[in-house]
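The values are calculated or read from the model by the stated rules, or taken from the named source; none is laboratory data. These numbers come from a predicted model, not from an experiment. Because the Cβ atoms are built from the backbone with ideal geometry, glycine has one as well, and the counts that use them run over all protein chains shown.
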Amino acid sequence: MKKKQNASGKKFVGKKTGIRIVISLGCLALFIFALILIVNHYVRKAGQKYITAAESAPEADAILVLGARVYADGNVSLMLHDRLTTGYELYRMGKAGKILVSGDHARKDYDEVNAMKNVLMEKGVPPEDIFMDHAGFSTYESLYRARDIFQVKKVIVVSQEYHLMRALFIARELGLEAFGVAADKHFYPGVMLKNELREIAARNKDFLTAKIIKPLPTYLGEVIPITGDGRVTDDN
């Protein structure tokens, strides 16, 4: 009889332990989820206050247009085209005399920056006023290199608003006097929801990257002052 009681007692204790573990894991998951949302909100708010209308943007050393998808035929995506159009409009307003296009050009068969430069030249921007950062592999690296390679101190960053908030948070953490102009000229069906969800993870990652870790970018190299001739960045 005692053996049966001991066995049932052990089962009861085992069930209680299992319930406690489940509750503990649930609390931990809720804590992590809450932390993710808090960091996401913090980064959004920190960057959002530096977003301004094009007309209100201050004059700067450069207009930084952040890269996005380029198709295999060399044409830029709609989102990237809108960023370039906004950058061009700021240039025409005299907000900066130089445009820095930064994106991924790690492979010969994928080249964001030359495609971006071609669009700007078609709009009438002279090549000497367009600098290309071929190693802008992430938003963080684009801003780090704008500061350290291109010697930019005051910058107008151009991207869609969902991305711009994080970019401005990073820029300010890196000590740049940064302002942003949103390039939301269209509705981007099938893209925005996915990008918004990815951006939550990216904001949390870059909170750690820009505020705490501050790693070096993949490549640094020789200084290329933004005050010079953009053609020194040509690779064709």
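For (1) in a helix (DSSP H, G or I); (2) modelled with pLDDT under 95; (3) in contact with a Ser or Thr (Cβ under 6 Å, 6 or more places away or on another chain), each residue gets a yes or a no:
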{"site": "HIS163", "(1), (2), (3)": "yes, no, no"}
{"site": "PHE169", "(1), (2), (3)": "yes, no, no"}
{"site": "PHE179", "(1), (2), (3)": "no, no, yes"}
{"site": "TYR188", "(1), (2), (3)": "no, yes, no"}
{"site": "LYS194", "(1), (2), (3)": "yes, yes, no"}
{"site": "ILE200", "(1), (2), (3)": "yes, no, no"}
{"site": "ASN204", "(1), (2), (3)": "yes, no, no"}
{"site": "LYS211", "(1), (2), (3)": "yes, no, no"}
(request) Look at MET165 and say whether it is farther than 25 Å from GLN48 by Cβ, touching a residue at least 24 places away in the same chain (Cβ under 8 Å), buried (at least 23 other Cβ atoms within 10 Å of the Cβ) and in contact with a helix residue (DSSP H, G or I) (Cβ under 8 Å, 6 or more places away or on another chain). (result) no
(request) May I ask you to list the residues in the range 101-137 that are out of contact with any helix residue (DSSP H, G or I) (no Cβ under 7 Å at 6 or more places or on another chain), without any contact (Cβ under 8 Å) to a residue 60 or more places away in the chain and more than 15 Å from LEU80 (Cβ to Cβ)? (result) ALA106, ARG107, LYS108, ASP109, GLY124, PRO126
(request) Report, ordered by the first and then the second residue, all pairs with beta carbons closer than 7 Å, sequence separation of six or more or different chains, a first member in the range 211-236 that is of a type in the set (Ser, Thr, Tyr), and a second member that is not in a loop (DSSP other than H, G, I, E, B). (result) THR218/ALA135; THR218/GLU141; TYR219/ALA135; THR233/PHE131; THR233/MET132
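Any idea how many residues of the range 121-161 are basic (Lys, Arg) and assigned to a loop (DSSP other than H, G, I, E, B)?
Taking the range 121-161 first, the residues basic (Lys, Arg) are 123, 145, 147, 153-154.
Going one step further and asking which of them are assigned to a loop (DSSP other than H, G, I, E, B), we end up with 123, 153.
The total comes to 2.
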(request) Assess whether GLU89 counts as being touching a residue at least 24 places away in the same chain (Cβ under 8 Å), part of a helix (DSSP H, G or I) and either out of contact with any strand residue (DSSP E or B) (no Cβ under 7 Å at 6 or more places or on another chain) or surrounded by fewer than 16 Cβ atoms within 10 Å (Cβ to Cβ) (or both). (result) yes
(request) Evaluate the following for LYS194: is it charged (D, E, K, R), surrounded by fewer than 21 Cβ atoms within 10 Å (Cβ to Cβ) and under 23 Å from GLU59 (Cβ atoms)? (result) no
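For the range 48-86, which residues satisfy the criterion of being part of a helix (DSSP H, G or I) and either among the basic types (Lys, Arg) or under 17 Å from GLU122 (Cβ atoms) (or both)?
Passing the criteria: LEU78, LEU80, HIS81, ASP82, ARG83, LEU84, THR85, THR86.
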(request) For the range 209-233, enumerate the residues that are over 13 Å from ILE149 (Cβ atoms), of a type in the set (A, V, I, L, M) and in contact with an Asp or Glu (Cβ under 9 Å, 6 or more places away or on another chain). (result) ALA210
(request) Can you tell me which residue among VAL113, VAL101 is within 17 Å of the chain's Cα centre (by Cα) and assigned to a strand (DSSP E or B)? (result) VAL101
(request) Read through the list (1) in contact (Cβ under 8 Å) with a residue 40 or more places away in the chain; (2) farther than 20 Å from GLN48 by Cβ, then give the number of the only condition that ILE200 fails. (result) (2)
(message) Please go through (1) in contact with a helix residue (DSSP H, G or I) (Cβ under 7 Å, 6 or more places away or on another chain); (2) more than 16 Å from LEU143 (Cβ to Cβ) for GLY94 and return the number of the only condition it doesn't satisfy.
(response) (1)
